[in-house]
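Heads up: the structure comes next, in structure tokens.
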Amino acid sequence: MPDLFADFKRTKEYLVCIDADGCMMDNMEVKHKECFCPAFVDAFDLQSASRYARECWEFVNLYSRNRGCHRFKAVTKALRLFYARPEVIERGLRVIDASPMEQWAQNTEVLSHPALENYVRTHPDCHESLTRSLAWSSELEEFITKIVRGITPFPHVKDVLRKLREQADLVLVSATRHETLIKENTPTGVAELFHFITGQEYGTKAQIIARLLEIGGYEKEKVLKIGDAPGDHEAAETNGILFYPVIPRAESKSWKRLETEGAAMFFAGSYRNALMPQLLEEFYETLLAEAPWETAPA
């Protein structure tokens, strides 16, 4: 198997790893509301309670602390929330057990569409949660190809990238397919600002960062992860590096603050103690720990 990192070469003293969807590119809303969720309703036959399916999907993927989790983890989380809702139970929908899909997602060496496709092909008697998840993943890719176009980066993104790349190697670290990243980021002129682009085929975000640290030999205090989801923060913490949150629904403000304040602190070595704790507090205050319908008064 070829080494996907064979072309990566360290050129700078610093490394900045940046997420794409919802962090750098303003595409989370259109992808989840117009692609992921409609495919979710179709693949799992949730049409008779589609309102609740949509609420569950958007909560998991846009507004909760699960925001940004891998698609195959998101689909099982959304299913569990959906089937537990009293409004859905009243309708008597047949429940599809998500456990086999959860177990596969937890145990697979590579969490990706091709990996699930290969598993389903080699296990023809596998549980329907896996076959339906594969059908869902294929359908949403069709929707993305058809619907997602004209996407632009958030304001200030290009200016920040140009500023960062003067002193740092820039690597796009995303759970999106590599092919999709190239397709969506090239027309905007963003792709050319990166030294290296990685997608889900390269591993989890934590695994990708670990590999970059191994190859480049960067000092961990000189490595920054920029992301819009708790999973990005977790990937940074796992590797002992710094994290800059792009706060959902305040993305432009976050990028402007990175341009005017955060970048200088990062390169000066003061970011971890001077600004990061405050930004993390703001970040987690924005994301919900519980679904609104679970905490609403009876």
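The values are calculated or read from the model by the stated rules, or taken from the named source; none is laboratory data. Not measured: the values here are computed from a predicted model. Here Cβ is always computed from backbone atoms with ideal geometry, including for glycine, and neighbour counts include all displayed protein chains.
Values for this structure:
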| read-out | value |
| --- | --- |
| Qualifying residue in region 32-47 (condition: out of contact with any helix residue (DSSP H, G or I) (no Cβ under 7 Å at 6 or more places or on another chain), farther than 30 Å from Leu258 by Cβ and of a type outside the set (Ser, Thr, Tyr)) | yes |
| Sole exception among (1) closer than 21 Å to Arg149 by Cβ; (2) buried (at least 23 other Cβ atoms within 10 Å of the Cβ); (3) of a type in the set (A, V, I, L, M) for Ile197, by number | (2) |
| Members of region 154-202 that are at pLDDT 95 or above and either part of a helix (DSSP H, G or I) or touching a Gly at 6+ places or on another chain (Cβ under 6 Å) (or both) | Val157, Lys158, Asp159, Val160, Leu161, Arg162, Lys163, Leu164, Ala191, Glu192, Leu193 |
| Members of region 218-237 that are surrounded by fewer than 16 Cβ atoms within 10 Å (Cβ to Cβ), outside any loop (DSSP other than H, G, I, E, B) and of a type in the set (Asp, Glu) | Glu221, Glu237 |
| Unique residue being closer than 27 Å to Glu179 by Cβ and out of contact with any helix residue (DSSP H, G or I) (no Cβ under 9 Å at 6 or more places or on another chain) when the list is Ile215, Ile197, Ile209 | Ile215 |
| Test: residue in region 157-167 that is closer than 27 Å to Glu117 by Cα and hydrophobic (A, V, I, L, M, F, W, C) | no |
| Criterion violated by Asp125 - all others in (1) under 28 Å from Glu294 (Cβ atoms); (2) in a loop (DSSP other than H, G, I, E, B) satisfied | (1) |
| Pick from region 238-260, criterion exposed (fewer than 14 other Cβ atoms within 10 Å of the Cβ) and not hydroxyl-bearing (Ser, Thr, Tyr), ranking: modelled with the lowest pLDDT | Arg249 |
| Given (1) in contact with a Ser or Thr (Cβ under 9 Å, 6 or more places away or on another chain); (2) in a helix (DSSP H, G or I); (3) not polar (S, T, N, Q), number of the condition Val30 does not satisfy | (1) |
| Criterion: surrounded by 15 or more Cβ atoms within 10 Å (Cβ to Cβ), in a loop (DSSP other than H, G, I, E, B) and among the hydrophobic types (A, V, I, L, M, F, W, C) - qualifying residue of Cys17, Cys23 | Cys23 |
| Residue that is farthest from the chain's Cα centre (by Cα) [pool: residues in region 59-90 that are without any contact (Cβ under 8 Å) to a residue 60 or more places away in the chain and surrounded by fewer than 18 Cβ atoms within 10 Å (Cβ to Cβ)] | Glu90 |
| Residues satisfying the stated conditions in region 264-298, i.e. more than 24 Å from Arg67 (Cβ to Cβ), surrounded by 13 or more Cβ atoms within 10 Å (Cβ to Cβ) and aliphatic (A, V, I, L, M) | Ala264, Met265, Ala274 |
| Residues satisfying the stated conditions in region 139-190, i.e. without any contact (Cβ under 8 Å) to a residue 12 or more places away in the chain and surrounded by 15 or more Cβ atoms within 10 Å (Cβ to Cβ) | Lys183 |
| Failed item, numbered, when Phe44 is tested on (1) outside the structural domain of Trp136 (by TED's automatic domain parsing); (2) in contact (Cβ under 8 Å) with a residue 40 or more places away in the chain; (3) not basic (Lys, Arg) | (1) |
| Candidates Ile215, Ile151 - the one that is farther than 26 Å from Met101 by Cβ and not in a helix (DSSP H, G or I) | Ile151 |
| Residue in region 248-260 that is closer than 30 Å to Glu285 by Cα, within 20 Å of the chain's Cα centre (by Cα) and assigned to a strand (DSSP E or B) present | no |
| Of residues in region 41-56 being among the hydrophobic types (A, V, I, L, M, F, W, C) and not in a helix (DSSP H, G or I), the one nearest to Arg91 (Cα to Cα) | Leu46 |
